[in-house]
Amino acid sequence: MGVRIERVVDRVAEVVLDVPPVNALGTADFLELARVVTELGRDPSVRALLLRSAVERGFAAGVDVGELTAGGPAALVAVTRACADAYGAVDECEVPVVAAVHGFCLATGVGLVGGADVVVAATGTTFGLPEVDAGGLGTATQLARLVPEKKVRWLAYSGTRVGADALARWGGVDQVVPRQRLLGSAREVAATLAAKSPTVLRRARASLHAIDPADARRSFRREMGLVFELNLTPAPEAARAAFAERRAR
């Protein structure tokens, strides 16, 4: 369990999130994900990455709220720094990243998918930022790569989830396929990319990253600074406790 490399076939490496029951990631998980993605991106035998979940219920549900609740300010700093590293690793990977998403894609799930190049989603997948209901902020930087600007605001303020079909209409999701076809379709996309010239593909990835209108790493770190400020008030602790209680039901 945790973050692992499950399969490398036809120059495509698969990075698998496996932190049951809902892929709520902690500091160690984020750091391992950042390490794995960075190392695979630098591996000359790898031409594309496929990021997916082994948890049947969904792609990723956010951070480990229990770690934040138990660890206090030090845990908040550790988790947010590690999260920034994981987001940055996906965003800055030297080869294209394809995300295969099913079930729910929330909070850190949105952050990881927002840094991918191509998103393939299963029918019925929902995306959202529940942070406001859990006493937090953040990941709007990555959400802005998936939905229009006004939708970013609505989703960030409300905690509302939106379906894969809507994201496909807005251009954030490339394909919506039945759940049983998700992995096969995502592998086809990754194989198509991996068949290109590795030199050209890596330079294409670098050039598109270079012209991105937002520095995602810096933008996210600014968001996290505001999260820390928020946590100097009593509001987040009470919200996290209520959120954890609801999740446990």
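Would you work out the relative contact order for the range 123-249, in percent, from Cα pairs under 8 angstrom that are 6 or more residues apart?
36
What relative contact order, as a whole-number percentage, does the range 41-121 give when Cα pairs under 8 Å and 6 or more residues apart are counted?
Computed value for the range 41-121: 42 percent relative contact order.
For helix 27-42, what angle does its Cα long axis make with the longest principal axis of the chain, in degrees from 0 to 90 and rounded to 10?
Result, in degrees: 20.
Note the full-extension length gain between Thr192 and Thr123 as 0.36 nm times their separation in residues minus their Cα-Cα distance, in nm to one decimal.
22.6 nm
In whole percent, what relative contact order does the chain give with Cα contacts below 8 Å and a gap of six or more residues?
Result for the chain is 20 percent.
List the residues of the range 82-112 whose backbone N lies under 18 Å from a point placed 7 Å from the Cα of Arg203 along the Cα-to-Cβ direction.
Residues 94-96 fall inside that zone.
Rounded to the nearest 10 Å², what accessible area does Phe220 show when all protein chains are kept and the probe is 1.4 Å?
10
In debye to the nearest 20, how big a dipole does the range 25-134 give about its Cα centre with +1 on each Lys and Arg Cβ and -1 on each Asp and Glu Cβ?
180
With a 1.4 Å probe and all protein chains in place, put Glu149, Glu188 in order of accessible area, largest first.
The ordering from most to least exposed comes out as Glu188, Glu149.
Spin-label point model (7 Å from Cα, Cβ direction): what's the Arg181 to Arg222 distance in nm?
Distance between the two pseudo-spin positions: 4.1 nm.
What FRET efficiency comes out for the pair Ile211/Arg153, r = Cβ-Cβ distance, R0 = 25 Å, nearest 0.05?
Efficiency, rounded to the nearest 0.05: 0.50.
In whole percent, how big is the carbon plus sulfur part of the accessible area of the range 9-125, probe 1.4 Å, protein atoms only?
54
In nm, to one decimal, how far is the modelled label at Val8 from the one at Thr69, with both set 7 Å along Cα→Cβ?
Going by the 7 Å Cα→Cβ label model, 4.0 nm.
Put +1 on the Cβ of every Lys and Arg and -1 on every Asp and Glu Cβ in the range 1-102; which of Ala34, Val77, Val65 then has its Cα farthest towards the positive end of the dipole?
Ala34
The values are calculated or read from the model by the stated rules, or taken from the named source; none is laboratory data. From a predicted model like this one, the values you see are computed outputs, not experimental measurements. Backbone-built Cβ (ideal geometry, glycine too); neighbour counts: all protein chains shown. Heads up: the accessible areas ignore ligands, DNA and RNA and are worked out on the full protein's heavy atoms, side chains in. Shrake-Rupley method; radii C 1.70, N 1.55, O 1.52, S 1.80 Å.
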